[in-house]
Amino acid sequence: MELIREIVERIERYWAADVEIVGAWYDSETTGYLVYQRLIEPAVLLGRRLEFGEGAAGGTLESYVADVAVDLDEPLGAAAVEQDRYGIRWTAIAAGASVPQLPPDIAARLPTGHH
């Protein structure tokens, strides 16, 4: 399954003027992470854990990808957020779980001020 690739492609196709993907990686076949910026708030880096499985929006990969892509363009609102040492504001992290470790290649690509 190419969950993260599908989401990145959807963002680049439909929301490139609003959302920039800084980095993406897999944790497992159905779980991955994105680091991104909403271009309306370029100083804020956001991170999100994504997991596709039973009960995911719409029940299909295509509908889940579409929902996630739309969500990335939306403000966080009252979502629970944990900030990591790079200043990335992570959402969708399970209660009690720590924020993910950034792969070195993604840490190296972070915008100035987030290293």
Selection status of Val81, without any contact (Cβ under 8 Å) to a residue 12 or more places away in the chain and among the aliphatic types (A, V, I, L, M): yes
Given (1) within 20 Å of Pro111 (Cβ to Cβ); (2) within 14 Å of the chain's Cα centre (by Cα), number of the condition Tyr86 does not satisfy: (2)
Arg48 vs. criteria touching a Ser or Thr at 6+ places or on another chain (Cβ under 7 Å), basic (Lys, Arg), at pLDDT 85 or above and surrounded by 11 or more Cβ atoms within 10 Å (Cβ to Cβ): yes
Residue list for the range 10-57, filter: part of a helix (DSSP H, G or I) and of a type in the set (Val, Ile, Thr): Ile11
From Tyr86, Tyr64, residue being surrounded by 11 or more Cβ atoms within 10 Å (Cβ to Cβ), under 18 Å from Val44 (Cβ atoms) and among the aromatic types (Phe, Trp, Tyr): Tyr86
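The values are calculated or read from the model by the stated rules, or taken from the named source; none is laboratory data. This one's a predicted model, so the numbers in the text were calculated from it and none came from an experiment. Cβ atoms come from the backbone with ideal geometry, glycine included; neighbour counts cover every protein chain shown.
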